[in-house]
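The values are calculated or read from the model by the stated rules, or taken from the named source; none is laboratory data. Bear in mind that the values here come from a model prediction, so they are computed numbers and not experimental data. Neighbour counts are summed over all protein chains in view; Cβ atoms, including those assigned to glycine, are modelled from backbone coordinates with ideal geometry.
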Amino acid sequence: MTILLTGAAGYIGSHTAIALAEAGYDVAIVDDFSNSSPEAVRRCEELTGAKMPLFNADVADKAAMRDIFAQVKPGAVMHFAGFKAVGESVAKPLMYYRNNLDTTLTLLECMAEAQVGPFIFSSSATVYGAKAKVPYTEESEIGGCTNPYGWTKFMIEQIASGAAKADPNMSVVLLRYFNPVGAHESGRIGENPTGIPNNLMPYITQVAVGRLPHLNVFGDDYDTPDGTGVRDYIHVVDLARGHVAALRYALEHKGTEVFNLGTGHGVSVLELVHAFEQATGVKVPYKIAPRRPGDLASVYADPSKAQRVLGWKAEKTVQDMCADSWRWQSSNPQGY
Ligand code: UD1
């Protein structure tokens, strides 16, 4: 069976393409390379020995997508494509709503036309409202997002589950990722942000490799054990395996299901910095800086539903996350 992946030249999609190929699925990819490189897919093919047909198209382009569906005849769709920079979404909200919603609507329309039922979506822990209490369960309150990026994730969850309600053939799985970090253990693929990274781990690795002078730790006066922000970092290879488990589920069920993909363990900014130094032997100079607007003190998952229903749980340690991020960054200092 062929699985059509949108945006799989990107960070999470490329790791999932490998996990799917290893699990015996055929993979086809559509990406417009607006924030990614075809080199990532070439390396996925090299690592797995599988051919991964790659279509250069905008997922919002209905004619192009119809054509791709006709050629690929997918048995399921995984939707990774989307704009994802929180700050940029505040500056360019219409661009974010237009892109993230248009691509999803076109994709769901093409799925309905071609009668493809299973749809796996890259959602985010960002959909949980600030009033939700940690650890977040799938029943925790959602909404009240602090930026347009988060609202697009929230809205797409509503759109996809509405589509599944109306079409008994559909099977929607919404995966709420916590903080994906790490890289494939080969060091051949990894996260490749354009410009100065917004997220913590790529920032740390770029400081370590000497591209940036020091890390700014955004706040040390939160109500957390060491005062710095606590997050649930999950190894991207564990996350990729979670998609294979979600696919198997979607192929056997109808309707909509939501799963948190996290480890259930909170790690502070300084704990991550020190774990990185320990795993790699490389010093990460840092300075305490003011809090970043919109940040919460502590965010981590209750991942027990994914374990119970999908038989999946995260297995890699924080040390693995740091060592693998570093292997990727140090062997590809300028990315792809
Ligand atoms: C952010 C987004 C979230 C998105 C996710 C994608 C916000 C409010 N949330 O999550 O919607 O889904 O990225 O991965 O932006 N930190 C520093 N210095 C840095 C960078 C980060 O101290 O240079 C701290 C942050 O304050 C936070 C932690 O590191 O405590 C993690 O930050 P980050 O990697 O940006 O992820 P989130 O903010 O959790």
Members of region 129-159 found to be within 27 Å of Val244 (Cα to Cα) and either among the hydrophobic types (A, V, I, L, M, F, W, C) or under 16 Å from the mean Cα position of the chain (by Cα) (or both), listed by number: Val134, Ile142, Tyr149, Gly150, Trp151, Thr152, Lys153, Phe154, Met155, Ile156, Glu157, Ile159
Counted residues, region 177-225 - those being among the β-branched types (Val, Ile, Thr), closer than 16 Å to Ser14 by Cβ and surrounded by 15 or more Cβ atoms within 10 Å (Cβ to Cβ): 2
Condition check for Val237: touching a residue at least 60 places away in the same chain (Cβ under 8 Å), away from the ligand (no atom under 13 Å from the Cβ) and of a type in the set (A, V, I, L, M, F, W, C): yes
Residue list for region 153-208, filter: more than 19 Å from Val318 (Cβ to Cβ), at pLDDT 95 or above and of a type in the set (Ser, Thr, Tyr): Ser161, Ser171, Ser186
From the options Ala40, Ala21, Ala28, residue that is more than 28 Å from His253 (Cα to Cα), small (Gly, Ala, Ser) and in contact with a Ser or Thr (Cβ under 8 Å, 6 or more places away or on another chain): Ala40
Residue in region 215-232 that is in a loop (DSSP other than H, G, I, E, B), of a type in the set (Val, Ile, Thr) and at pLDDT 95 or above present: yes
Qualifying residues in region 279-294 (those that are near the ligand (Cβ under 10 Å from one of its atoms) and either modelled with pLDDT under 95 or of a type in the set (A, V, I, L, M) (or both)) - the one surrounded by the fewest Cβ atoms within 10 Å (Cβ to Cβ): Pro293
Top-ranked residue of region 226-255 - restricted to ones that are among the charged types (D, E, K, R) and more than 21 Å from the chain's Cα centre (by Cα), ranked as surrounded by the most Cβ atoms within 10 Å (Cβ to Cβ): Lys254
Members of region 240-274 that are within 14 Å of the ligand (Cβ to nearest atom) and closer than 18 Å to Tyr11 by Cα: Leu261, Gly262
Residue tally, condition outside any helix (DSSP H, G or I) and either more than 18 Å from Leu296 (Cβ to Cβ) or touching a strand residue (DSSP E or B) at 6+ places or on another chain (Cβ under 8 Å) (or both), over region 247-272: 15
Entirely in region 57-144, the helices (runs of 4 or more DSSP H) that have 1 or more residues that are of a type in the set (S, T, N, Q) and more than 14 Å from the ligand (Cβ to nearest atom): 62-72, 93-114
Contacts under 8 angstrom Cβ, first residue in region 77-103 being on the phi > 0 side of the Ramachandran plot, partner within 12 Å of the ligand (Cβ to nearest atom) and outside any loop (DSSP other than H, G, I, E, B), 6 or more apart: Gly82/Ser122; Gly82/Thr152
Residues satisfying the stated conditions in region 177-233, i.e. of a type in the set (Ser, Thr, Tyr), within 12 Å of the ligand (Cβ to nearest atom) and touching a Leu at 6+ places or on another chain (Cβ under 9 Å): Tyr177, Tyr203, Tyr222, Thr228, Tyr233
Selection within region 81-109 - buried (at least 22 other Cβ atoms within 10 Å of the Cβ) and out of contact with any Gly (no Cβ under 9 Å at 6 or more places or on another chain): Leu107, Leu108
Hits in region 1-31 - residues which are charged (D, E, K, R) and either closer than 11 Å to His243 by Cβ or outside any helix (DSSP H, G or I) (or both): Asp26, Asp31
Region 273-305: number of residues that are in contact with a strand residue (DSSP E or B) (Cβ under 7 Å, 6 or more places away or on another chain) and not in a loop (DSSP other than H, G, I, E, B): 8
